[in-house]
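Have a look at the structure below before the remarks.
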Amino acid sequence: MTGAAGNRRAGPGLTREQKGGGAMPRSRRYRRDDGLPATLRRSCREAQEAFTRAYDEAVQAHGEGDQAYRAAFTALKQDFEKRGNHWIPRCAPAG
């Protein structure tokens, strides 16, 4: 059951705000003081720079948040692969 302006009922007769809920906290899944996920902190500088560049471009396109991180990881996966707990450069195809 929903109330006015999308306030969902959090229990009998109370909205989330009245119960002390409110907005969900921002995800801290990836964000750290240095801004890099743990697997990238353990990786080579090239992987870190590639992710940072891709993330900055994704933020301009999608805004801050998980969508920007997913886009940055997608771009990272084109040139790097994850081995264990770090990223290494992909080998260039023989040709």
Sequence of 91, 44 once ranked by neighbouring C-beta atoms within 10 Å, starting from the fewest: 91, 44
log10 of Debye I(q)/I(0), alpha-carbon scatterers only, for segment 35-87 at 0.15, 0.24 Å⁻¹: -0.35, -0.86
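Under unit Cβ charges (Lys, Arg +1; Asp, Glu -1), what dipole magnitude, rounded to 20 debye, does segment 35-87 have relative to its Cα centre?
Details: 8 positive and 8 negative charges, 62 e Å.
Computed charge dipole of segment 35-87: roughly 300 debye.
Subtract the Cα-Cα distance of residue 62 and residue 74 from 0.36 nm times their separation in residues, and report this length gain in nm to one decimal.
On the way: separation 12, 0.36 × 12 = 4.32 nm, distance 1.38 nm.
Stretched fully, the residue 62-residue 74 segment lengthens by 2.9 nm.
Read-outs throughout are calculated quantities, based only on the coordinates presented, and are distinct from any laboratory measurement. The structure displayed is predicted, hence computed values, not measured ones. Every residue, glycine as well, gets a Cβ built from its backbone with ideal geometry; the counts of neighbours run over all protein chains shown.
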